[in-house]
Amino acid sequence: MSYKTVLITGGAGFIGSHVVRLFVKKYPRTKIINYDSLTYAGNLNNLKDIQDKKNYFFERGDITDYKRVKDVFIKYNIDAVIHLAAESHVDRSIEDPFAFAKTNVLGTLTLLQVAKDFWGCSLSNKDIISKNHRFYHISTDEVYGSLKLDKSLFVEGSKYDPHSPYSASKASSDHFVRAFHDTFGLPVVVTNCSNNYGPYQFPEKLIPLVIYNIENKKPLPIYGKGLNVRDWLFVEDHAKAIDLVFYKGKISHTYNIGGFNEWRNIDLVKLIIKIVDKKLGRKKGESNKLITYVADRAGHDMRYAIDSTKIRKELGWKPEFTFEEGIEKTIDWYLANKEWVKDVTSGEYKKYYKKMYSNRK
Ligand code: NAD
Ligand code: DAU
């Protein structure tokens, strides 16, 4: 089964850009429409290498704008949706919870409503609709809350227990997605993934922030004691999992995605210091002095760890990159792409966007 037109929301962001690139290259006969409002986190430079491909289309728009989303559905006759657009940074959600409720909850609800209306979904025709359409919602392991420092793992049936405004908004959006399946027969599938890392991640997130700050001899802020644990997955492995679930995942099912790759923050930061110092020809451990313990994040979840047995067994997915390969690739990319980091942090890319799109019109 392949779809003629796929709408990918948030395709100019970190994970979205990897998904758009994969789909544009792998499915040349499928029109890929990247729908993104280009917030500070969205950057069309992330997609420079595929922007001229015939099957790639960009539409700037907000997911909370029903009319604009509907117009895009009509313009391209959208068959299926992969929904990644979101406010994604926990610290920002503590500063401005409303922005997260708006985009992550109302935005998701708007997309669901348009898809339901446009495809004409109802419980009575759900089998026919699900043959031709699909709404794939990308979510996070943070909805499950926090694990103890033991061997427990999040499974698909783990209870929802969000602690930050970000995870609360994602949890809410997950519930709406499932409710649209149960109430209106919308053919949905959901994945909950662990922490991603890799090229094009906005340098407010731990890994790119630390790489940038080591290079520039700036303090490396460690929240609390640095003992919190995250399960890290290379972004290209997430994109491949998304491809699999999109085409092979069972309607109404949830799949957890993760790398069985847990790191305490402090150990991860020390590993990055070791690699970056070596690459920059600095003395071993020279940048350890940049480590700066700062006040803990409010509501800071202690540990996330995903049990990805279901997607591995049912769909045959497994990560292709070891952590050593992924982190090396990521560090090399950030050291080689200083201009990208400068642009996204200075807002330069917004000028690029305007110029590029006025040239294309
Ligand atoms: P990101 O912040 O890098 O990108 C988000 C994208 O969404 C940006 O391009 C932004 O412009 C766009 N966007 C934001 N608000 C919008 C709106 N109202 N309308 C249209 N577009 C809008 O995020 P990311 O890290 O790539 O995460 C993508 C998705 O994956 C999110 O749904 C996130 O919850 C989920 N997720 C992320 C991770 C991770 O580690 N980064 C892990 C699991 C799940
Ligand atoms: O688990 C999936 C989630 O991973 C995604 O849903 C989110 O969108 C994504 O941002 C990420 O959330 P985290 O809060 O885990 O990622 P972040 O990179 O912000 O932080 C990783 C850990 O490092 C976390 O325990 C907080 C800590 N940290 C973070 C920053 C930015 C620090 O100690 N210092 C920092 O400066």
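Restrict the search to region 263-353; then list the GluC sites (Glu not before Pro) that DSSP places in a loop and that have at most 13 other Cβ atoms within 10 Å of their Cβ.
Passing sites in region 263-353 are 320.
Which entries of 4/70; 151/274; 205/310; 240/310 have Cα-Cα distances beyond 19 Å here?
Listed pairs above 19 Å: 151/274; 205/310.
So what is the relative contact order of the chain, in percent, for Cα pairs below 8 Å that sit 6 or more residues apart?
Answer for the chain is 18 percent.
Could you check how much of the accessible area of region 126-231 is carbon and sulfur, as a whole percent, using a 1.4 Å probe?
Solvent-exposed carbon and sulfur of region 126-231 make up 57 percent of the total.
Restricting to DSSP loop positions (anything but H, G, I, E, B) with no more than 13 other Cβ atoms inside 10 Å of their own Cβ, which trypsin sites (Lys or Arg not before Pro) remain in region 8-44? Walk me through the numbers on the way to the answer.
Working: sites: 21, 25, 26, 29, 31; in loops: 29.
Here the sparse-neighbourhood loop sites are 29.
What does the accessible area per residue of the chain come to in Å², with a 1.4 Å probe and no ligands, DNA or RNA counted?
Values: 15890 Å² over 361 residues.
I get 44 Å² per residue for this part.
Quick check on region 37-193: take the gyration tensor over C-alpha atoms, sort the square-rooted eigenvalues as a ≥ b ≥ c, and tell me if it's rounded (a/c under 1.5), prolate or oblate.
Oblate is the answer for region 37-193, as a/c is 1.5 or above yet b/c matches or exceeds a/b.
With runs of 4+ DSSP H residues as the only contributors, calculate the mean residue ellipticity of the chain at 222 nm using -39,500 (n - 2.57) per run, divided by the residue total and rounded to the nearest 500. Please list the in-between numbers first.
Numbers: 14 runs with 155 residues, N = 361.
For the chain, the value works out to -13000 deg cm²/dmol.
Taking the dipole about the Cα centre of the chain, with the C-beta of Lys and Arg at +1 and of Asp and Glu at -1, give me whichever of 22, 256, 317 is farthest to the positive side.
22
Just how large is the dipole of region 182-263 about the Cα centre, in debye to the nearest 20, putting +1 at every Lys and Arg Cβ and -1 at every Asp and Glu Cβ?
180
Quick one: if the Förster radius is 30 Å, what FRET efficiency do residue 89 and residue 225 give, using the C-beta to C-beta distance and rounding to 0.05?
Calculated value: 0.90.
Just want the answer: with Cβ charges of +1 for Lys and Arg and -1 for Asp and Glu, which residue in 118, 327, 46 is farthest toward the dipole's positive end in the chain?
The one lying farthest along the dipole's positive direction is 46.
Lys and Arg at +1, Asp and Glu at -1: add these up for the other residues within a Cβ distance under 12 Å of residue 34 and post the number.
On the way: positive: 21, 31, 53, 60; negative: 36, 59.
That sum, taken over residues with Cβ under 12 Å, equals +2.
Pairing the Cα long axis of helix 265-279 with the longest principal axis of the chain, what angle in degrees results, from 0 to 90 and rounded to the nearest 10?
70
Suppose every K and R has +1 on its Cβ and every D and E has -1 on its Cβ; what is the size of the dipole of the chain about the Cα centre, in Debye to the nearest 20?
Using only the charged Cβ atoms, the result is roughly 960 debye.
Could you tell me whether region 1-130 comes out rounded, prolate or oblate from its Cα gyration tensor? Rule is a ≥ b ≥ c as square roots of the eigenvalues, rounded for a/c under 1.5, then prolate if a/b exceeds b/c, otherwise oblate.
Oblate, since a/c reaches 1.5 and b/c is not below a/b.
What is the distance in Å between the Cα centres of region 91-120 and region 218-295?
Taking the Cα centre of region 218-295 as reference, the centre of region 91-120 is 27 Å away.
Along the Cα-to-C-beta direction of residue 96, a point sits 7 Å from the Cα; which residues of region 104-143 have their amide N less than 19 Å from that point?
Zone members listed by number: 104-108.
Roughly what would the spin-label model give for residue 286 and residue 74, points 7 Å off Cα along C-beta, in nm?
About 6.1 nm, to one decimal.
Label region 41-82 by shape, choosing from rounded, prolate and oblate, from the square roots a ≥ b ≥ c of the eigenvalues of the Cα gyration tensor; if a/c is under 1.5 it is rounded, and otherwise prolate applies when a/b is larger than b/c, oblate when it is not.
The shape class here is oblate.
Nearest-5 percent of antiparallel DSSP beta bridges in the chain? List each step's numbers first, then the result.
Working: 3 of 40 bridges.
Around 10 percent of the beta bridges assigned by DSSP in the chain are antiparallel ones.
The values are calculated or read from the model by the stated rules, or taken from the named source; none is laboratory data. Quick caveat, the model's predicted, so the values are computed rather than measured. So basically every Cβ, Gly included, is an ideal-geometry build from the backbone, and we count neighbours across all protein chains shown. These area figures cover heavy atoms from the full protein model, side chains too; ligands, DNA and RNA do not enter into them. Shrake-Rupley method; radii C 1.70, N 1.55, O 1.52, S 1.80 Å.
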